Amino acid sequence: MSDTHRSRERLDTPREERRPWFRRRPEREDTFGVFAEQFARFMGTARFLIYMTLFVALWIVWNTMAPEGLRFDKYAFIFLTLMLSLQASYAAPLILLAQNRQEARDRVIAEQDRQADARAHADMEFLAREVASLRMAMGEVATRDYLRSELRSLLAELDERAEERAGDRATSHEDADDRAQPPTT
């Protein structure tokens, strides 16, 4: 038997009914929060202010200038006040919800920034230690100028020795020549 058939036969597993016209859509958990943010963003625009101004102006003009039989809200505009109060009572919690969601996102971003800063700081400390160790190692390593000066002094010393040997050989050859020639009297 297949697993789905087995699960239908089990008494401890409820059967899921399928209703094609009442099928639940998989919704994100934060769908309402996204709506609240979009609503709060829209309420913070100039377009919203213009729409609200036009709505209130049309409401007042209609209820003051229209024929008596077509007016639905008399001069005190109690119904307009009720509508605006209702809109404000829904807008305030939606705006607060949007602000809370933004605060949570800001907290996460700040934590990520702190972690990135800590990693960058650790990397900089490591690189500073590496540069310091390289400088110390370079202090122990002979530089090009130092090697050149040492080689020049060694070359000068070798030249002196070569000259001394050449001078010694010349005197030893003269002595040998003097010995090889019989003394003339």
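The values are calculated or read from the model by the stated rules, or taken from the named source; none is laboratory data. Remember, predicted model here, so these are calculated numbers, not experimental data. Don't worry about glycine lacking a Cβ; one is built from the backbone with ideal geometry, like all the others, and counts go over all protein chains shown.
Annotations
- Residue check, Phe126 touching an Asp or Glu at 6+ places or on another chain (Cβ under 6 Å) and either at positive phi or not small (Gly, Ala, Ser) (or both): no
- Ile50 fulfils the conditions (1) at pLDDT below 95; (2) assigned to a helix (DSSP H, G or I); (3) loosely packed, with under 12 Cβ neighbours inside 10 Å except for a single criterion, (1).
- Residue among Leu86, Leu97 that alone is modelled with pLDDT under 95 and not basic (Lys, Arg): Leu97
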